[in-house]
Amino acid sequence: MFAASSAATDAGQTEVEQKCSRRGCQETARWKIVWNNPKIHAREREKTWLACDAHRQYLEQFLAARTFWKFTRPL
């Protein structure tokens, strides 16, 4: 669930804009939510979803209810 789009900068370089992982959301992500499924992943493996401010809590709660959520950091 990682979405990104690129936008050209004034210097002609490409900048990657990271989008929220919530289905249907096109907002720019502000948070990195790290998780794993302990039934199928090694403890040290980290999966990542990105979240906008509006969907951060929803995605954390979704993962926490399944004991998948590990931590959240700002991008």
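Any read-out appearing in this document is the output of simple, stated calculations on the displayed coordinates, not a laboratory observation. In this text the structure is predicted, and so the values were computed from the model without any measurement. Every residue, glycine as well, gets a Cβ built from its backbone with ideal geometry; the counts of neighbours run over all protein chains shown.
Observations on the model:
- Applied to the stretch 31-38, the Karplus parametrisation 6.51 cos²θ - 1.76 cosθ + 1.60 on θ = phi - 60° returns per-residue 3J(HN,Hα) values of 10, 10, 9, 9, 8, 7, 9, x Hz, with x for Gly and Pro.
- Label-point gap, in nm, between A54 and Q26 - each point 7 angstrom along Cα→Cβ: 1.2 nm
- Net charge, T48 excluded, C-beta distance under 12 Å - Lys, Arg +1, Asp, Glu -1: +4
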